[in-house]
Amino acid sequence: MRLSLAEGLLLIALDDNEGRLLADAEKGIIDALVAAGIFELNLLRKIGFEGGKITIKDTTSSGNKILDHILSGIGSGGKSVKDTVVSLSPQMRSLYEMCIDLLIGRGILKREATRLLWIPISERMDNANYAYEKEIRDSLKSIVLKGVKPTPAFVILASLLGSLEILDEVFTDKDELIDAIKFAKDSVHSGTLPAEVASSLDEVKEHIAAL
């Protein structure tokens, strides 16, 4: 995946027709974006998970302002991933707009305002370069429907999409959706993720699904 987990998650969470966040994703989107950032920081070896707690490994810039913002918020660590998500989310309400701005800066999204005469009355996000989102969708479908071996990043992404209950945005066919939901659940402990990451992801999924 050429984008960060948070950016990929947000692309799927945006309704392509309406250009706005899917209704099902509204309550949990900030928590999911924070969680995506935390798990990606682990994949990048910026943080570790030891004894169920976050440990800091490397505080140098990741090159992605979203990840750097989350890493700064984590501070010295010492909490579980779930507790970190819960404590950071209220402080990171701007994370959604940060992701939008980053995707606009990459030329993937663009803002479109609906106007009454010259007055903007609403705003939508138009997918200016669908290739990025298509790549994510095609990869998820290949993994779930064709048995392609998933990377840790796609296991995490599918799990977070499942916790937001928006896998049906990718898997519109009912039978395919059943397979996708099963994959999102079973793949966490399939061996692709280290045990510490898998158990932390389970806790975060449960938290987001309950929002």
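For the range 174-189, name all the residues that are in contact (Cβ under 8 Å) with a residue 12 or more places away in the chain, open to solvent by 60 Å² or more (accessible area, probe 1.4 Å) and in contact with a Phe, Trp or Tyr (Cβ under 9 Å, 6 or more places away or on another chain).
179, 181
Please enumerate the residues belonging to the range 1-10 that are farther than 17 Å from residue 62 by Cβ and surrounded by fewer than 24 Cβ atoms within 10 Å (Cβ to Cβ).
Hits for the range 1-10: nothing passes.
Is there any pair with a first residue in the range 135-147 that is open to solvent by 40 Å² or more (accessible area, probe 1.4 Å) and a second that is part of a helix (DSSP H, G or I) whose Cβ atoms are under 8 Å apart and which are 6 or more apart or on different chains, and what are they?
141/176; 145/176; 145/179
Here are some conditions: (1) over 13 Å from residue 70 (Cα atoms); (2) in contact (Cβ under 8 Å) with a residue 60 or more places away in the chain. Residue 42 meets all but one. Which one does it not meet?
(1)
Can you pull out the residues in the range 190-205 that are under 17 Å from residue 32 (Cα atoms) and free of Cβ contacts under 8 Å to residues at least 60 places away in the same chain?
Listed by number, the residues that qualify are 198, 202, 205.
Select from the range 138-162 the residues that are farther than 18 Å from residue 182 by Cβ and of a type outside the set (Asp, Glu) and list them in ascending order.
Result: 151, 152, 153.
Is it the case, given these coordinates, that residue 197 is of a type in the set (Val, Ile, Thr) and touching a Ser or Thr at 6+ places or on another chain (Cβ under 6 Å)?
no
The values are calculated or read from the model by the stated rules, or taken from the named source; none is laboratory data. In this text, all values refer to a predicted model and were calculated from it rather than measured experimentally. Neighbour counts are summed over all protein chains in view; Cβ atoms, including those assigned to glycine, are modelled from backbone coordinates with ideal geometry. To get the accessible areas, we keep the full protein, side chains included, count just its heavy atoms, and leave off ligands, DNA and RNA. Shrake-Rupley method; radii C 1.70, N 1.55, O 1.52, S 1.80 Å.
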